[in-house]
Structures are given as C-alpha cells and as structure tokens.
Amino acid sequence: MRAIWKGAVSFGLVSIGVKLYSATEEKDIRFHQVHREDGGRIRYKRTCSVCGEEVTYDDIAKGYDIGGGEMVILTDEDFADLPLTSSRAIDVLEFVPAEQVDPILYNKAYFLEPEGTATKPYVLLRDALLDSERVAIVKVALRQREQLATLRVREGVLLLNTMLWPDEIRNPDFGFLDEDLKVRPPELAMASSLIDSMTGEFEPDVFTDDYRAALQEVIDAKVEGREVVQPEEAEEAPAAAVDLMAALKASVDRARAARGEQPSRGGGGEPTPISSARSAQKAAEKEAAKAPAKQTATKKTAEKKAAEPAKKTAAKKTPAKKAEPAKKTAARKTTPRKSA
C-alpha cells in the first residue's frame, strides 16, 4: 500500500506521527470508451464554451454559479486563506460510546500506521481505546476540506472513518409515514418467526459478487478466444404477494428447508407463534361448542333421574289396587256361613 497522507494524531499534549492509507478498494471492472470500428480510445478535449479554445490544466480555475449566467471565480489563493485546521493534524475532540454514532454518517475508511518513533504512544492510544470501549471523535483536513471522523481499533490497527456532516443527511420525507397503517399481531408474529428462521452469524467471506465473477469470465473468454459459458439462470423474483400471511408462511417454510429443517406445518417441525395461536384458538372454539352439548346431556340425565322415583311409586300402587277384588270375594263367601 502507498501512503496518501502524513501527519500526527494530537491526543492532549501527546503527538503521534502517522501515515494514512486507504483501507478499502473498489473491485469494479472498469471499461474505456472506444471506437467500435477499430477499438481506438475516445478522448475528450477541455474546451471553453465561450471562446471555443482548448484549455490546459494550468488555465482552469474553480467557478461558483450564482445564477442568471453569472459565475464567481475562485483561485488557489482564495482557498489558501480559508480557516482550515492544520492540514497535518488529526485533532482528538472527545471520546464517545461507539453505539452513539449512527452508521449512516460513516463515509470512507483509512488505516493509520505509526511513523518513526511514534510506535509506543500509538500502541498506548490503541490499547486505551480498547479498554474504554469508546471511539475518538476527531477533526482532520483532507484534500482541502475539513472533515469530522472517528478513530477506532480494527485488528490491532487504528482506523480513521471520515464522516458526513449532519446537514448532509437527507430527511426521509415519504408519504406512507403519515398513513395510519396497522399491523395485525398474527402478521407480526409470523414476520418474527421468519426472522428467527433466517437468523445466523454474519460471515462476510461467504458472500460473493456473482455478477462481477460472470463478467470476468466473459472477458477471460474473449481474451483466450474460447466460447463463453453461460452462467446459471438466476431464480426469478416471486410475484407480488396478494395474501401477506400466506407469503410469510411460505417464506418461513422455504427458510427452514434451506437449513434442512422441517416445515412449520405438516412435517413435525416446531410450531411457530402464529400456528400456536391458531391451535389455541381452535381448541377454545371446540370447547365452546362442546359446552352446550354437555349442558343438554346433563339436563336429560337429571330429568331421567327425576322420573325414575315416580315410576317406582306408580308400580307399587298398581299391585295394591289389583288385590282389592280378591278381598271382596272372600268377604262374600264368609257372609252366608254366618247366617247358617
């Protein structure tokens, strides 16, 4: 790597000499504009829109459009008088918890390497940051512009993250934010179940840029004069879901299948929050339906029990009534004997 900047980290009264290196690099495949017929590079000339003459870099200045066709021209002398912080200093302003810095503010990343005899104070600052679990908020002037940045530790090296200023962050002024949209608890439960089924440990090395790899294969095939092997067709994106719950359910099953797990229903898998809720609701409905039937059966049983004593009483009274004719007959037979 080649250092792009040299300066010092100002940490109280301690000054730490450092070199600045770009911590990232883009891997995009770059192309030149060429003439289709003969492959010649397309060149652009810097010409003046007023006089039409070609202009060299030495004659180019910076202009600010104030509207109405008027332009204010600024020279290098104008920029030299601006109140910038020292162009060779990284001034530590304060130390804050890392979670208080919104990631949207981060812009570019740079590695810092100690220079000369600055290794000992460099390591001291690094270890102090690790021990405090904080990041340093700093100001630095890079490319003639004052920037806010953070200093933190990554893999034993101080990392400088330049940040955007707060007024450079746009406000998300979207119409749907004013709409009164309600998410039903079952939908939220199913969405949470989908998140759980797709939860894992972040390992960035497992993700690849498939488009860049395929494009490089096309270029290599062109260079070697061989036939280009067409990459596998990407899976088509699913159509917009009409039933949100059905789409969430299918997504959960798909995620579980990708992990080698059983689907949420019909496969013996663990019930999801929504399936558990539905099962409980169905059980309650069944109990409610059984309750009237039980009450009716209870009433019929009570009526039968109440009728049984009455039947028994009637059965006892009936034989007594049948015995009366026999008594009368016996009485008739006895009377004639007395008269004799």
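Remark: segment 141-154, residue by residue, has Karplus-estimated 3J(HN,Hα) of 9, 10, 6, 6, 8, 6, 10, 8, 8, 10, 10, 9, 10, 9 Hz, where x stands for each Gly or Pro and the curve is 6.51 cos²θ - 1.76 cosθ + 1.60 at θ = phi - 60°.
Looking at segment 168-232, the pairs of alpha carbons with a distance over 15 Å make up 76% of the total.
I need the fraction of alpha carbon pairs in segment 1-143 separated by more than 17 Å, rounded to a whole percent. More than 17 Å apart: 76 percent of the Cα pairs in segment 1-143.
Pairs exceeding a 24 Å alpha-carbon distance, out of K45/K108; K108/K222; K27/K108; K19/K62: K45/K108; K108/K222; K19/K62. Protein heavy-atom surface of segment 19-138, 1.4 angstrom probe: 50% of the accessible area is carbon and sulfur, with nucleic acids and ligands not counted. For W5, nonlocal amide neighbours, meaning residues 5 or more places apart or on other chains whose placed amide H falls under 5 Å from its own, are L20. For V157, what charge total do you get from the other residues with a beta carbon under 12 Å from its beta carbon, if Lys and Arg give +1 and Asp and Glu give -1? The answer is +2. Charge tally for Y21 (other residues, Cβ to Cβ under 14 Å; Lys, Arg +1; Asp, Glu -1): +1.
Each Cα pair under 8 Å and six or more residues apart adds its sequence gap; the mean of these over the residue count of segment 80-175 is a relative contact order of 35 percent. Figure note: F95, F207, F11 ranked by solvent-accessible area, largest first, 1.4 Å probe, ligands and nucleic acids not counted: F207, F95, F11.
The values are calculated or read from the model by the stated rules, or taken from the named source; none is laboratory data. Note that the structure is predicted; figures quoted are calculated from it, not measured. Positions of Cβ are generated from backbone atoms using ideal geometry, with glycine treated the same way; all protein chains shown enter the neighbour counts. The protein model used for the area step is the full one, side chains on, heavy atoms only, and it has no ligands, DNA or RNA in it. Shrake-Rupley method; radii C 1.70, N 1.55, O 1.52, S 1.80 Å.
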